[in-house]
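First comes the structure, then the notes that go with it.
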Amino acid sequence: MANSDTVVALDYSLSSLGAELRELRKARDLTLKQLSQMAGMSLSHLSAIERGAAKPSIDVLDALSKALDVTPSWFFARRNGRGPLEKAYVVRRQNRRDLNALYDEETAQLGYQDSLLSSSIGGAFYMGLAVYPPNSETPSDRMQTHAGETHGFVLEGELEMRLGDETVYLKTGDSYSFDARIPHHARNPSDQVCKLVWAVSPVVIPKIAATRISAQAERNER
């Protein structure tokens, strides 16, 4: 691994790659030390990559991707635009990133297809577009809670939301916002597609992914 650290990886802005790596590491709730151990690399080299001071080899990038449970393509967000600010902060429709890949769950497992509308996952909150297929169903134990807030706007269709002990039915144009510590879950009970624009704070990784990442970190520290 040491020799491969000097190999030039894909041509990409070092600062952009480092920022993407740092954002995902923090979203996974991992320290630099934990990720370096999981990826089998030195702490100093990982730190340099995140700062944009070093370019990872393809082998190192692959190891980091596996440790963070994503494909390497996650770090190379497509950016179109004339100026640097447009490239950094505007997300074109065709360039939205697939959040299901971050969750490591397909639409059939999760109950919906999720796309990232925000330009990054490094802010105080992030925004996405969930597309629920007709009559979507997920396991009954999917009630979730987390710190922060969750907001949503039904762009199209209908959505059934379990909120604590209540069941709420939302239609096109309806919206919601609540403390995310309240157990919640949503599905589409209709025969039409439902599209939901949502925003969550802070950046949260689903429990399935987070639990798997934490377990792997613990094993590597032993």
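What the table shows:
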quantity	calculated
Selection count where residues are closer than 13 Å to Val154 by Cα and not hydroxyl-bearing (Ser, Thr, Tyr), scope the range 174-191	4
Residue satisfying condition, being closer than 16 Å to Arg187 by Cβ, free of Cβ contacts under 8 Å to residues at least 24 places away in the same chain and crowded, with 17+ Cβ neighbours inside 10 Å, within set Leu163, Leu159, Leu170, Leu110	Leu170
Complete set of residues in the range 116-137 that are surrounded by 17 or more Cβ atoms within 10 Å (Cβ to Cβ) and either more than 23 Å from Arg96 (Cα to Cα) or hydroxyl-bearing (Ser, Thr, Tyr) (or both)	Ser118, Ser119, Ser120, Tyr126, Tyr132, Ser136
Search result, residues across the range 93-106 that are surrounded by 11 or more Cβ atoms within 10 Å (Cβ to Cβ) and of a type in the set (Lys, Arg)	Arg96, Arg97
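Any read-out appearing in this document is the output of simple, stated calculations on the displayed coordinates, not a laboratory observation. What you see is a predicted model; the values in this text were computed from it and never measured. With ideal geometry, Cβ positions are generated from the backbone for all residues, glycine too; neighbour counts draw on all protein chains shown.
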